[in-house]
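The values are calculated or read from the model by the stated rules, or taken from the named source; none is laboratory data. Bear in mind that the values here come from a model prediction, so they are computed numbers and not experimental data. Note: ideal-geometry Cβ built from the backbone for every residue, glycine included; neighbour counts use all protein chains shown. Just so you know, the surface numbers come from the protein's heavy atoms only, side chains and all, with ligands and any DNA or RNA stripped out. Shrake-Rupley method; radii C 1.70, N 1.55, O 1.52, S 1.80 Å.
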Amino acid sequence: MPMIATKAVIAMAESSISVLIDNTCDDKNIPSDALFSQWITAALAGLRNRAEVSIGIVNEENSASLNMEYRGKNYATNVLSFPSDLPEDFDPPLLGDLALCAAVIDREAQEQHKTPTAHWAHMVVHGCLHLLGFDHIDDADAEEMETREVAILHQLGFSNPYEFNTDE
């Protein structure tokens, strides 16, 4: 199984977003490092000026194992978020880790009649918002999180991820 670790640093005036990508999958639809960095930067805009985020691109077996260990659910899932418990001003400013399952994301994109890129962007934004403390456990929190996701994705040029056509 190939393992590719890369690091992309996006530095802007008074902000620095660092993304470490660890790819253990051989999937043709995995976005470029630049896209991952763009999506993370958009998700953090206005909420964090400095952050380090690690992305692990995993297979279904790894995703299911992590999901079982940390959530008690025995299946592979699209994205898992592991927020850092370090203070925001810690240097380096570690925000947390995302585990993205390539096979699940690709399958969901096809089922929801979305482009793989659009669904990958949604999962990265969704995961980053979880790293920031957003959640969707109750209806009010879900509405706030989804509204934020839709706005970020719209800014990135993607349509509302919650409006999809499942008709064949």
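HIS119: touching a residue at least 40 places away in the same chain (Cβ under 8 Å) and within 14 Å of the chain's Cα centre (by Cα), yes or no?
Answer is yes for this residue.
Looking at segment 105-117 only, could you name the residues that are touching a Phe, Trp or Tyr at 6+ places or on another chain (Cβ under 7 Å) and either within 13 Å of THR77 (Cα to Cα) or surrounded by fewer than 18 Cβ atoms within 10 Å (Cβ to Cβ) (or both)?
Answer for segment 105-117, where residues must be touching a Phe, Trp or Tyr at 6+ places or on another chain (Cβ under 7 Å) and either within 13 Å of THR77 (Cα to Cα) or surrounded by fewer than 18 Cβ atoms within 10 Å (Cβ to Cβ) (or both): ILE105, GLN112, HIS113.
Using the structure shown, decide if ALA43 is of a type outside the set (Ser, Thr, Tyr), outside any strand (DSSP E or B) and under 22 Å from VAL150 (Cβ atoms).
Yes, satisfied.
Select from segment 63-76 the residues that are open to solvent by 60 Å² or more (accessible area, probe 1.4 Å) and part of a helix (DSSP H, G or I) and list them in ascending order.
SER65, MET68, GLU69, TYR70, ARG71
Is it fair to say HIS130 is open to solvent by 10 Å² or more (accessible area, probe 1.4 Å) and assigned to a helix (DSSP H, G or I)?
yes
In the set ILE55, ILE105, which member is touching a strand residue (DSSP E or B) at 6+ places or on another chain (Cβ under 6 Å) and not in a loop (DSSP other than H, G, I, E, B)?
ILE55
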